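Report on the structure given below.
None of the figures in this text is laboratory data; all of them are computed from the coordinates on show. Everything quoted here is computed from the prediction, not taken from an experiment. Reconstructed Cβ throughout: ideal geometry from the backbone, glycine too, with neighbour counts over all protein chains shown.
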Amino acid sequence: MGQLYTIIEPDAPQVPLMLSVPHCGIDFPEEIKSDYVESLAAQPDDTDWFVHDLYNFASELGVAVIHARYSRWVIDLNRDPHSKPLYHDGRIITGLTPLHIREQHPG
């Protein structure tokens, strides 16, 4: 398995802050890539697309940045360790690693 995350070190004197972007990853490890539906894995629908790019100025302010490389379908980096739901609106709640991924079709 490759590098799980990317760390961008500050370009200015470091401040006591680290910016974490846990859901921008889109990669899948080769060892498990075939376990996913290829068309869905090509564009995981709950990815925070390009959020890490929105903060590309942070290192100039002395802020370290860490962002995910792998999709949250592989590992959800900010999931509650007891899989306690963050929301109560009927959405599917997953653990650290989702056990199912479903294709959604318009009604």
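Below, the figures for the structure above:
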quantity: Neighbour net charge for V63 - beta-carbon separation under 13 angstrom, K R +1, D E -1; calculated: -3
quantity: Length released on extending from L17 to L40, taking residue separation times 0.36 nm less the Cα-Cα span; calculated: 4.8 nm
quantity: Extreme residue, positive dipole direction of the chain, given options I66, P85, Q43 (C-beta unit charges); calculated: P85
quantity: Calculated mean projected area of the Cα convex hull in nm² (choose from (1) 9.2; (2) 8.5; (3) 7.9), label; calculated: (2)
quantity: Contour minus Cα-Cα distance for I75 and K33 (0.36 nm per residue); calculated: 13.8 nm
quantity: Peptides ranked, highest mean first, by Cβ atoms within 10 Å: ranges 61-67, 33-39; calculated: 61-67, 33-39
quantity: Sequence-separation-based contact order of the chain, relative, with Cα cut under 8 Å and 6+ spacing, percent; calculated: 38
quantity: Proximal charge balance of D27 [Cβ under 10 Å; K/R count +1, D/E count -1]; calculated: +1
